[in-house]
Amino acid sequence: MSKMEQTLSIIKPDAVERNLIEEIKKIFIEKNLNIKESKKIQITKDEAAEFYKVHQSKPFYNDLCSYLSSGPIFVMILEGDDAVSVNRKLMGATDPKKAEDNTIRKLFGISIDKNSVHGSDSLENAKKEISFFFKS
Ligand code: CMP
């Protein structure tokens, strides 16, 4: 049984910089993920550190936070049947080199850091990540 869900998607600085917002939005819309809300913003490194707190013990944490705050990002609430897993399938593996053909990261990702998109990894995190960017 599929269920209606919301998830958070971020188009990261590398993809915003290359004007890929519309192309990536089209991929979501074609797969029946409705873009409920969206905005282009730039966050501070402190905000990025808060957002990526789950990764604080990882060796790449500092670079990750610098990177997400290095330029404008485009954040979206995606809504649809099984939105969390549908979005993760569309993104592909974290490392673009390992991502399946036709996934967003395979098509557009540059490296494991500049992997073009972020998506919530569970429904629980989706709720937290949505409320981080969109106050209701
Ligand atoms: P994202 O889905 O945004 O979640 C955390 C990010 O850390 C991930 O995408 C990658 O861009 C980045 N990252 C950098 N190095 C690694 C790594 N070794 N393993 C996982 N993620 C990494």
Name the one entry in Lys40, Lys106, Lys89, Lys97 that is open to solvent by 60 Å² or more (accessible area, probe 1.4 Å), in contact with a helix residue (DSSP H, G or I) (Cβ under 8 Å, 6 or more places away or on another chain), of a type in the set (Lys, Arg) and part of a helix (DSSP H, G or I).
Lys106
How many of the residues making up segment 4-28 are out of contact with any strand residue (DSSP E or B) (no Cβ under 7 Å at 6 or more places or on another chain), open to solvent by 40 Å² or more (accessible area, probe 1.4 Å) and of a type outside the set (Asp, Glu)?
3
Regarding Leu68, is this residue open to solvent by less than 90 Å² (accessible area, probe 1.4 Å), under 14 Å from Gly119 (Cα atoms) and at pLDDT 95 or above?
yes
Sort out which residues of segment 52-86 are among the β-branched types (Val, Ile, Thr) and in a strand (DSSP E or B), and write them in order of number.
Ile73, Val75, Ile77
Complete set of residues in segment 109-126 that are in a helix (DSSP H, G or I) and either free of Cβ contacts under 8 Å to residues at least 24 places away in the same chain or polar (S, T, N, Q) (or both):
Glu124, Asn125
Could you please tell me which pairs satisfy a Cβ distance under 9 Å, a separation of 6+ or placement on different chains, a first residue in segment 44-72 that is under 18 Å from Ile11 (Cβ atoms), and a second residue that is of a type in the set (Phe, Trp, Tyr) and away from the ligand (no atom under 11 Å from the Cβ)?
Glu47/Phe132; Phe51/Phe132; Phe51/Phe133
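Let's see how each residue does on (1) on the phi > 0 side of the Ramachandran plot; (2) more than 13 Å from the chain's Cα centre (by Cα); (3) of a type in the set (A, V, I, L, M, F, W, C):
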residue	(1), (2), (3)
Pro96	no, yes, no
Ala99	no, yes, yes
Ile110	no, yes, yes
Ala126	no, no, yes
Phe134	no, yes, yes
Return the residues of segment 46-63 that are surrounded by fewer than 17 Cβ atoms within 10 Å (Cβ to Cβ) and either within 24 Å of Asn19 (Cα to Cα) or more than 13 Å from the ligand (Cβ to nearest atom) (or both); say none if nothing qualifies.
Asp46, Glu47, Glu50, Asp63
Could you say whether any residue in segment 19-31 is in contact (Cβ under 8 Å) with a residue 60 or more places away in the chain, within 16 Å of the ligand (Cβ to nearest atom) and in a loop (DSSP other than H, G, I, E, B)?
yes
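The values are calculated or read from the model by the stated rules, or taken from the named source; none is laboratory data. For clarity, every value in this text was computed on a predicted model and none was experimentally measured. Glycine gets a Cβ as well: all are built from the backbone with ideal geometry, and neighbour counts include every protein chain shown. Keep in mind that these areas ignore ligands, DNA and RNA; they rest on the heavy atoms of the full protein, side chains included. Shrake-Rupley method; radii C 1.70, N 1.55, O 1.52, S 1.80 Å.
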